[in-house]
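These notes are about the structure you will find just below.
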Amino acid sequence: MSPRQQTASLAAPRPDTGRAGPLVLIDADNTLWDTDGVFAEAQLGLLDAVEHAAELTGPEVDRLEFVREFDQELAQRHHLGLRYPTRLLIDALTLGLRGVDFQEAVRRAWSNGADSGLGRTVVANIESEFFANIAKQPKLLVGVVKGLRDLASIGATSVVFTEGSRKRVMRTIESHQLGEFVDRVFEAPKTVRMFERVKKLATVGQSIYVIGDQLTRDIRPANEAGVKTIYVPGGFQPKWELQAGSLPTFQARSFDAAVSFVLRSEDEARPANGAGENRDYLRVQNRT
């Protein structure tokens with residue numbers, strides 16, 4: 001599948017820096033903005049709603065961890081991954097609150113959701129409330145504006161990519177007034193083939209980097225496509241991420257730190273401009 005591309009450039013023409021800047025592919029969710037924070041609040045609200053509807057009480061502490069135990073089990077089993085139908089989580093949580101083990105609760109919710117004891121209308125109402133909550137605009141992560149400005153200052157082409165909704169990403173970019181820094185937006189599955197296709201956007205001799213927060217979805221396929229990768233770990237790491245076994249070219253603690261590596265790497269490629277600066281990224285493996 002070829003990426004769906006935003007046809008018009010978002011960013012205004014930038015000053016001529018006298019050299020071609022790099023092509024930087026940037027993951028949207030949890031790299032630029034805190035989507036996980038939005039989902040965490042929505043999942044806690046969902047648990048509250050299930051408790052009220054089922055007249056049951058869940059754990060007093062570690063409530064988010066309780067929800068995510070069911071959430072990750074569903075994501076690992078479902079072909080849509082984390083995009084599984086929310087009604088499955090509602091039914092599985094209800095069964096869990098009734099004392100059913102999380103793995104068995106997921107199996108039964110998938111097999112016959114009505115086993116949870118909640119009416120289908122009730123489940124649909126809780127699901128609708130959850131959708132409304134996850135539609136809220138996420139907050140920008142630390143260093144994003146500075147990092148995007150730094151990329152623009154060297155004439156970089158900044159392309160935001162997502163496996164989610166391009167329209168949602170566009171709304172978030174506009175909400176945070178980032179349009180002047182973003183050249184294009186792609187919506188496509190993050191596969192090796194996708195990264196190979198996007199590489200064709202680069203001009204001859206133009207460096208390419210990928211910045212993302214997921215080892216499995218961002219880093220691994222980009223590595224396999226022969227692109228330099230910069231990993232910025234998100235706040236929430238699903239258990240399959242911890243087992244990924246994929247190493248980025250570099251790792252950084254924040255988005256602006258990742259961009260600092262891009263700037264330094266570009267300067268090092270031009271010895272005359274190799275002035276030193278403080279490193280705020282971690283060299284993991286240089287193999288591209």
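Shown for the range 69-158: the carbon plus sulfur share of the solvent-accessible area, taken with all protein chains present and a 1.4 angstrom probe, equals 50%.
For Ser111, the shell of other residues with beta-carbons less than 11 Å away shows a net charge of -1, using +1 for Lys and Arg and -1 for Asp and Glu. Proximity of backbone amide H atoms, modeled 1.01 Å from N, is registered between Trp33 and Leu141 at under 5 Å, excluding neighbours fewer than 5 places apart on the same chain. Taking a straight line from the alpha carbon of Lys167, these lysines sit under 28 Å away, with near neighbours fewer than eight places off in the same chain left out: Lys136, Lys139, Lys146, Lys190, Lys199, Lys200, Lys228. Rolling a 1.4 Å probe across the protein heavy atoms gives the range 22-88 an accessible surface of 45 Å² per residue. Taken one residue at a time, the phi angles of the range 103-108 give Karplus couplings (6.51, -1.76, 1.60, θ = phi - 60°) of 5, 5, 4, 5, 4, 6 Hz. Gly and Pro are set to x. The mean accessible area for residues of the range 128-213, using a 1.4 Å probe and ignoring ligands and nucleic acids, is 48 Å² per residue. The 1.4 Å probe gives accessible areas that order Val142, Val262, largest first, as Val142, Val262.
The values are calculated or read from the model by the stated rules, or taken from the named source; none is laboratory data. Keep in mind that this is a model prediction, so the values were computed, not measured. We place every Cβ from the backbone using ideal geometry, glycine too, and count neighbours over all the protein chains shown. Ligands, DNA and RNA are excluded from the accessible area calculation, which covers all protein heavy atoms including side chains. Shrake-Rupley method; radii C 1.70, N 1.55, O 1.52, S 1.80 Å.
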